[in-house]
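Bear in mind these aren't lab numbers, they're just calculated from the coordinates by the rules spelled out. Computed from a predicted model, the values in this text were never measured in an experiment. Note: ideal-geometry Cβ built from the backbone for every residue, glycine included; neighbour counts use all protein chains shown.
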Amino acid sequence: MLAAPWKSGIFRFGLFSGLSTTLYAIPLALGDSPRAPVPIIGLVICAASLAATAFMRRPQAFSRLAGATQLMTAVLIAGSLYLLYRWVDEDLSLLKQNRAQHENFLAVQEELRTLGMTSPDQVFSNKYDLYTPDLPPYLPRQIGGWAIDWVWGYGAEYPVLPNDSWESFSQAAAEQGVRFLVLTPASELQGAFFSLIYDRAYDEDVLGLYFAKRIAMMRLYYFYP
């Protein structure tokens, strides 16, 4: 192995993992990508597995290592375990948030159903991640979004709702069968009049739009039939 280290499987793996870490994993992690743990965790698991296998095969070899080498090995193992713990903890936190959001979306769906909603095509929302869990096609109408430019035929089936004024929006909504609104505090970014609606600073009888319920930070409205 010392005469021809490149023939060793461990050497080849070390060379591969070193190049992968330097050229791919570290730049990806520094870019703050949410996918950074995906390539990095594979390298950590593989390296930790090789170390565990070597230790189980020759446990006495570890005891013969110098004190500094033992300390460095222990630090690397502890650092890897801490990094793995942080990733798992973050993933569990995201899963908890997603479950809570899913429950809110279920509540929105059921409330809209009680108001007469039969399809999310009848719903407009400024919240891009809102969906109806049990009712296809699952997504409400939106202003903007990637589907307009990237899904063939989407713009023809779902014409863009204007947001220059309430009059033009409500008229287009009526023509396209939109009967319900689900708004959040950020709705003002898609039209100044939405902030007045969210704050309920309008006359319901004049606009023909009525408040139904608040779920989390979402407020539900319906047009008078």
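Points to keep in mind about this one:
- Ellipsoid semi-axes for segment 116-223, based on the Cα gyration tensor and the rule √(5λ), read 21, 16, 13 Å when sorted largest first.
- Ascending count of other beta-carbon atoms within 10 Å, so fewest first, for 124, 105, 16: 16, 105, 124
- In order along segment 200-208, the phi-based Karplus estimate (6.51 cos²θ - 1.76 cosθ + 1.60, θ = phi - 60°) of 3J(HN,Hα) comes to 6, 9, 8, 8, 4, 5, 6, 7, x Hz; Gly and Pro are listed as x.
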